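One structure below.
The values are calculated or read from the model by the stated rules, or taken from the named source; none is laboratory data. For clarity, every value in this text was computed on a predicted model and none was experimentally measured. Positions of Cβ are backbone-derived with ideal geometry, glycine not excepted, and every protein chain shown enters the neighbour counts. Heavy atoms of the whole protein, side chains included, go into the accessibility calculation; ligands, DNA and RNA do not. Shrake-Rupley method; radii C 1.70, N 1.55, O 1.52, S 1.80 Å.
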Amino acid sequence: MKRYKIKSLFAESPLDAKVQVSGWVRSFRNDRFIAINDGSCLKTLQIVVDPDTLASEILTSVTVGSAITVQGKLVESQGKGQSIELVSNQLTVVGKADSDAVSKTILQPKRHSLETLRDQAHLRFRTNTFGAVFRIRHHLSYAIHKYFNDRGFFYIHSPIITGSDAEGAGEMFRVSSMDPTNIPLNESGEVDYTKDFFGKETHLTVSGQLEAELGALGLGQVYTFGPTFRAENSNTSRHLAEFWMIEPEIAFADLNDDMDLGEDFLKYCVSYILNECNDDLQFLVEREINEEKSKPQNERNELNLRERMELVVGNEFERITYSDAIEILQRSKPFKKKKFKFPVEWGKDLASEHERFLVEKHFKKPVIIYNYPADIKAFYMRNNDDDKTVAAMDVLFPGIGEIIGGSQREERLDVLKQKCVDFDIPEEHIWWYIETRKFGTVPHAGFGLGFERLVMFCTGMGNIRDVIPFPRTPNNAEF
């Protein structure tokens, strides 16, 4: 017999049809009503069994957490809370769950803290919250690929192991095949990387951008979507050691084209979730509303999750220069009353509190800040004519702050070589990148989007560790 997904049963509702479903038991009450979920959607399907016809050994095996397969007739539900139910004529326990073991886990049907759920990340997929989060994460991934494919971008796979540091940050994980108990040294007493697998020092990538630029300068417009790594010892709700990045690059494009692409891309992705994930989104909206009740009034979101998403889709993003942003912040009440924790002055990077003030209090919509001071941005960003700023832009979202960072890239060979000197980046490390400026150089631009931050925005989750299946953070590489 054909197995139906619970999602398709609710969508099609083939009443009086004989169907088969499989899933995990969420509850079993009165020895008659079993609620199962198969992960295809948020809803559970009620199974109605007759305890007089069900063998006692099967009945006692149906415990919370057990996997079962059921055959029967789909009928209109007589109870409240569900439109259909399955009247069983055959039930098989595929995998029994030990009741004592379940009672010590998050499978026990009661409220659990997010910290507890993180400690049992191997089981949290089965909860309503994380089922919703990871289904939305999937749909966002699909939306990203669909967006770029439909617009003629080519997907390229940038290397995970690299010999360059795209950001110049130096906080990278080293990759080596050398025996840690017998590290070869050269005559100077330093590690002899010529004896290592690649013959040089290599790391896990922090970005696929430099390689994506190479692709754009031949294919016209490309994007990467892959894992990136930062060895930054930050135990915050916004940082991961392993995360996913989307990095498009477009040739024959300037900063304005880059901002246009970023805004259109974000609106598309958020709209896709609003249109395709209604049940999961509504569950997360209600979850957030309940969570907000326990917060002080001044810490609550003025808009709920769905309203924040609609704010993004329904408004043109405000575009202001970095200099204008500094002026706005210095005229603000929080600045005058010294409520900002971090300083506001030209030449310093904006903190999350400044970004969120601009978005949530001042403009009340997404903001793009552009033309940042050259000293606080990366070497590859194009110098502006004022010799003080670069053609960089950040997109700021409500509740998140920076969600996209991008720029027009420095396409002029002489300027790029001088920037390598200024940033102390040896040319031999990125000779291949510099060489592209010798062979038909063109204006080009791109940006990076931290995927988990977008998932946070579209799910309302407050900690980045709750939007990736298996978070990697300092002192945590479990699962």
*On a 0 to 90 degree scale, rounded to 10, what angle separates helix 278-292 from the longest Cα axis of the chain?*
80
_Share, in percent, of DSSP beta bridges within the chain that are antiparallel, nearest 5_ = 85
*Of the trypsin sites (Lys or Arg not before Pro) in segment 120-201, those whose Cβ has at most 13 other Cβ within 10 Å and which sit in DSSP loop*: Lys200
*Each label point is 7 Å from the Cα along the Cα-to-Cβ direction; what then is the distance between the points at Ala231 and Val442, in nm?*
3.8
_Treating only the Cβ of Lys, Arg, Asp and Glu as charged (+1, +1, -1, -1), what charge dipole size does the chain show about its Cα centre? Round to the nearest 20 debye._
2120
*Take every DSSP beta bridge whose two residues both sit in segment 126-271, then give the antiparallel share in percent to the nearest 5.*
90
*Take the alpha carbon atoms of the chain, find their radius of gyration, then divide it by 2.2 N^0.38 Å using N residues; give the quotient.*
1.16
*Nearest-20 debye value, segment 145-206 charge dipole, Cβ charges on Lys, Arg, Asp, Glu*: 440
*So what's the projected area for segment 230-311, the Cα convex hull averaged over all directions, in nm²?*
8.5
*If you line up the long axis of helix 255-276 against the longest principal axis of the chain, both from Cα atoms, how many degrees apart are they, to the nearest 10?*
0
*Quick one: length gained pulling Phe342 to Asn278 fully straight, 0.36 nm per residue minus the C-alpha distance?*
19.2 nm
*Are there GluC sites (Glu not before Pro) in segment 277-328 that DSSP marks as loop and that have at most 14 other Cβ atoms within 10 Å, and which are they?*
Glu302, Glu316
*How much net charge surrounds Gln221 when only the other residues with a Cβ under 9 Å from the Cβ of Gln221 are counted, with Lys and Arg +1 and Asp and Glu -1?*
0
*Radius 10 Å from Cβ of Val49, net charge of other residues (Lys, Arg +1; Asp, Glu -1)*: -2
*Would you mind working out the accessible area per residue for segment 1-66, using a 1.4 Å probe, and quoting it in Å²?*
52
*Set Lys and Arg Cβ to +1 and Asp and Glu Cβ to -1, take the dipole of segment 250-399 about its Cα centre, and tell me which of Val395, Trp346, Tyr372 lies farthest positive.*
Trp346
_Hull volume in cubic angstrom per residue (convex hull over the Cα atoms of segment 100-185)_ = 209
*Relative to the Cα centre, what is the charge dipole magnitude of segment 48-127, using +1 at the beta carbon of each Lys and Arg, -1 at the beta carbon of each Asp and Glu, and rounding to the nearest 20 debye?*
400
*In percent, what relative contact order does the chain have, based on Cα pairs under 8 Å that are 6 or more apart in sequence?*
13
*asked:* Less than 13 Å Cβ to Cβ from Asp279, Lys/Arg counted +1 and Asp/Glu -1: what total charge do the surrounding residues give?
replied: +2
_Qualifying trypsin sites (Lys or Arg not before Pro) in segment 290-322, DSSP loop, other Cβ atoms within 10 Å at most 10_ = Lys293
